[in-house]
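Engineer: This is the structure I have questions about; it appears just below.
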Amino acid sequence: MTAATKTLRTLADLVASGVVAPERAAELAPVVERFQVAVTPSMLGLIEDAGSPVDPIAAQFVPDPREALVAPEELADPIGDAAHSPVKGIVHRYPDRVLLLPTHVCAVYCRFCFRRETVGPEGGTLSESELQAALGYIETHPEIFEVILSGGDPLVLSPRRLQEIMARLSAIEHVKVIRLHSRVPAVDPGRINDELAAALKSPKAVYVVLHISHARELSAAAIAACAKLVDAGIPMFSQSVLLKGINDDAATLEALFRTLLANRIKPYYLHHGDLAQGTSHLRNDLEAGQAIMRRLRGRLSGLAQPTYVLDVPGGHGKIPVGPNYLHRHDGDTEVEDPQGQRHPYPSRKD
C-alpha cells in the first residue's frame with residue numbers, strides 16, 4: 001500500500017494509495033458520492049489488509065459497497081438531532097446539558113456515523129454570528145450544567161478558535177462542565193500539541209472523550225497524544241461502537257478496554273449501532289451485545305467496564321441495555337453471578 005502524506009478524501013485517492021483496488025472503484029462510486037470519505041495517514045498506516053471486510057481499521061474508514069443498501073428501518077437522523085435543535089449548532093435533548101456543534105468537519109469519516117448525512121466540509125463551521133446565537137442560548141438557559149462540544153469533531157478547529165470557545169463557555173456562570181468528544185487523538189495525533197492542550201484550559205471541569213472502537217487504533221503516537229492531554233490535567237474517557245465483524249467479541253473488547261485503562265482513559269460508553277442509513281452490515285442485534293457484556297462481567301474490573309447503551313431512535317435519549325442479573329421466581333429474588341449461576345437473595349417482607 002502506498003504511504004500517504006495527506007488525508008485521502010476521494011475515490012481516486014483511495015485507489016492511488018492502494019487502499020481500494022481499481023476494479024472495485026465502480027461499485028464504490030455511489031457510496032463515495034453520497035457519504036463523506038477521509039482516511040488520515042495515521043489510520044492508513046494501521047491498515048494491514050485493505051481488501052478484507054474485517055480489517056478493524058479499513059472497515060471503519062474505507063467505504064464499503066454495502067453502504068448503498070438502505071434497510072427500511074434506517075433513518076437519515078437516527079437519534080433525532082433535528083427535533084431538539086432550537087438554534088443552529090445546539091442540540092438540547094436532556095434538561096441539564098446541551099451539545100454545541102461548532103463544526104461539521106471531521107478528521108476522518110466513520111462508515112457507521114449517525115450524523116453521516118450532515119457531516120463534511122459542506123456543513124462547514126459556525127460563523128461568528130451563529131456561534132454567538134448558540135452561546136446566547138446557553139447563557140439564557142440556567143438549567144444547562146454541562147456543554148458537550150461535538151460535531152463534526154471540535155479538535156479539528158485551530159487552537160485559537162478552541163481557546164475562544166472555551167473562554168466564552170467558561171464565562172457562563174451556570175456552566176460547570178465542558179466536555180469535548182473527538183477522534184483526533186487517535187486518528188490525527190499530531191494535532192495534539194502543547195498549544196492545543198493549553199487551549200482547553202478552563203476554570204471549569206474539562207473532559208475529553210475519545211471515540212475509539214479497536215485497540216489497534218491506539219498507536220504509539222495516539223498514546224502519546226492522549227498522555228499529553230491527561231498530563232495537562234484533562235481527564236479522558238472513551239466511547240466505542242459495537243461493530244459487527246470488527247469488535248463484537250469479548251476478547252477484542254477486553255483488549256480495547258484494558259489498553260484504554262492502562263493509558264489513563266476510562267471506558268465510558270459502548271454504543272449499540274445506530275439506525276444510520278447504509279450501516280446494517282455493521283450493526284449487531286441487542287441480544288448479541290448483551291451476551292458480550294455478560295462475558296466481560298467478572299473478566300474486567302469496574303474501572304474497565306463501559307455502559308452498554310442504545311440511543312433510542314427519534315431523539316428520546318440514551319438508555320442502558322446491558323444484561324440483567326436480577327431475576328424473580330415465584331415471588332423470590334435470585335441474583336446471577338459472573339459465571340451465570342443464580343443464587344437466592346432475601347427479599348424484604350415489610
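FYI, it's all coordinate maths here, none of it is from the lab. Predicted, not measured: the structure shown is a model, and the values here were computed from it. All Cβ positions, even for glycine, are placed from backbone atoms using ideal geometry, and neighbour counts span all protein chains on display.
Engineer: Cross-link candidates for residue 204: which lysines have Cα within less than 18 Å, leaving aside residues fewer than 8 places away along the same chain?
Structural biologist: Partners within reach: 176.
Engineer: Also: How do 81-87, 119-125 rank on mean C-beta neighbours within 10 Å, highest first?
Structural biologist: The densest-packed peptide leads the list: 119-125, 81-87.
Engineer: Also, quick follow-up: In the chain, if the dipole is taken from +1 on Lys/Arg beta carbons and -1 on Asp/Glu beta carbons about the Cα centre, which of 60, 257, 331 is farthest to the positive end?
Structural biologist: 257
Engineer: Show which lysines lie in cross-link reach of residue 244 when reach means a straight Cα distance below 22 angstrom and same-chain residues fewer than eight apart are skipped.
Structural biologist: Hits, sequence-local ones excluded: 318.
Engineer: Where the only charges are on Cβ atoms (+1 Lys, Arg; -1 Asp, Glu), what is the dipole of the stretch 11-68 about its Cα centre, to the nearest 20 debye?
Structural biologist: 120
Engineer: Straight-line reach only, C-alpha to C-alpha below 17 angstrom: list the lysines that residue 266 could link to, leaving out same-chain residues fewer than 8 apart.
Structural biologist: Hits, sequence-local ones excluded: 228.
Engineer: Compare the Cα positions of 341, 169, 131 along the charge dipole of the chain (+1 at Cβ of Lys, Arg; -1 at Cβ of Asp, Glu; about the Cα centre) and return the one farthest towards the positive end.
Structural biologist: Of the candidates, 169 comes out farthest on the positive side.
Engineer: Percent antiparallel among DSSP beta bridges with both residues in the chain, to the nearest 5?
Structural biologist: Details: 17 of 46 bridges.
Antiparallel: roughly 35 percent of the beta bridges in the chain.
Engineer: What is the distance in Å between the Cα centroid of the stretch 96-122 and that of the stretch 291-350?
Structural biologist: Going from one Cα centre to the other spans 32 Å.
Engineer: Another question about this same structure. Can you find, among 190, 206, 108, the residue sitting farthest towards the positive end of the charge dipole of the chain, where Lys and Arg contribute +1 and Asp and Glu -1 at Cβ?
Structural biologist: Result: 206.
Engineer: Net charge near residue 158: determine it from the other residues with C-beta under 11 Å of the C-beta of residue 158, scoring Lys and Arg +1 and Asp and Glu -1.
Structural biologist: Spelling it out: positives minus negatives among the neighbours equals +1.
Engineer: Please state the charge dipole magnitude for the chain, taken about the Cα centre, from unit charges on C-beta atoms (+1 on K and R, -1 on D and E), reported in debye and rounded to the nearest 20.
Structural biologist: Taking the Cα centre of the chain as origin, the dipole is about 820 debye.
Engineer: State the Cα centre-to-centre distance between the stretch 173-219 and the stretch 41-56 in whole Å.
Structural biologist: So the two Cα centres are separated by 24 Å.
Engineer: Normalised by the residues of the stretch 82-319, what does the relative contact order come to in percent, with Cα pairs under 8 Å and at least six apart? Don't skip to the answer; put the middle values down first.
Structural biologist: On the way: 439 pairs, mean separation 37.9, N = 238.
Computed over the stretch 82-319, the figure is 16 percent.
Engineer: Rounded to the nearest 20 Debye, what is the dipole magnitude of the stretch 240-350 about its Cα centre when Lys and Arg each give +1 and Asp and Glu each give -1 at the C-beta?
Structural biologist: Once rounded to the nearest 20, the dipole reads 400 debye.
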